[in-house]
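Each value in this text was obtained by applying a stated rule to the coordinates, not by laboratory testing. Not measured: the values here are computed from a predicted model. All Cβ positions, glycine included, derive from the backbone under ideal geometry; neighbour counts span all protein chains shown.
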Amino acid sequence: MHLTGAWILLICAVLGTATMLLLLHLTQLGILMHEHIRDRPRRRLFLASVSFFLTFLGARLLVLAILHNIGPFGWVVVGGRHIHHLVWGILILLVVGYAWLVEVGEETTPTSIFVSRLISIMYGVGAALTLDEFALWLNLRNVYASPEGRESIDAVLLFGGLLAIAAWGAPFLKALVNRQR
C-alpha cells in the first residue's frame, strides 16, 4: 500500500495530539503542569511549542524519507498537482484563529481547559506545517529540498522550538525532573 506524506503527517498529528491530550487531561501530569505553569497563556504557549517542535521534526523526517525513497511514502498529488503540506498548515491556522476569535476554550471548566489545550496543540501543528515550507512561499518556487531552502531554516526552527519549550515550560520541566528523583 502506498501512503502519501499527507496521510502519514495526518496520522502522526492526530496520534500526537491525542497522546498529549490524554497525558494532560485530568491526570497527575496535567495537574503538575497546571501547578507549575500558573499563567494560562504560558501553558498554551508551552503546548504550542511542544507540538510545533514534534510536528516540524516529523515533517522533516517524512520529507527526507520521501526524497531518499525510504519506506512506502510519497507526495500528495491531486490532478497532477503536488499539494504541499503548508496548505494543510494554513487551513489548521485558519480554524484555530477562528476558534480563538469566538473565544473557544476560555472558561475554567475541565471541558474548556481540554479544548484550550487542543487549540494550542493545533496551533503548533499548523504553524510547523506552514513554516516548514517557508522557503517555498518566500521564493515562490519549490526550493524545498535544495540547500537554498533547507539548512539554515531547519537549524533555526528546530533550535527555536526547543528554546521555546524550555522557556515556556521551565517551571513544569523542573518540577517533573524533581518529582522523578
Contact order normalised by residue count of the chain, Cα under 8 Å, 6+ apart, percent
33
Share of alpha-carbon pairs per 5 Å distance bin for region 3-169, given as whole %:
1, 9, 16, 21, 19, 14, 9, 6, 4, 1, 0
In a Gaussian network model of the chain with springs linking alpha carbons closer than 10 Å, the residue among 23, 129, 157 that fluctuates most is 23
On a C-alpha basis, how far is the centre of region 75-123 from the centre of region 48-73 in Å? Whole number, if you could?
19
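For every helix of n ≥ 4 consecutive DSSP H residues, a contribution of -39,500 (n - 2.57) applies; sum these over the chain, divide by its total residues, and give [θ] at 222 nm rounded to the nearest 500 deg cm²/dmol. Walk me through the numbers before you get to the answer.
Values: 7 runs with 135 residues, N = 181.
Theoretical 222 nm ellipticity from helices: -25500 deg cm²/dmol.
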Rank the residues 85, 34 as a footprinting-exposure proxy: fewest other Cβ atoms within 10 Å of their Cβ go first.
34, 85
Counting only GluC sites (Glu not before Pro) that sit in a DSSP loop (anything but H, G, I, E, B) with at most 16 other Cβ atoms within 10 Å, what is the longest stretch of the chain containing none of them?
1-102
Of 95, 115, 77, the one that fluctuates the most in a GNM where the chain has Cα springs shorter than 10 Å:
77
Length gained if residue 100 through residue 35 is fully extended, taking 0.36 nm per residue and subtracting the Cα-Cα distance, is 21.0 nm
List the residue ranges in the chain for DSSP H helices whose C-alpha atoms run 27 angstrom or more along the long axis and whose Kyte-Doolittle average is 0.5 or above.
5-24, 40-67, 110-131, 147-179
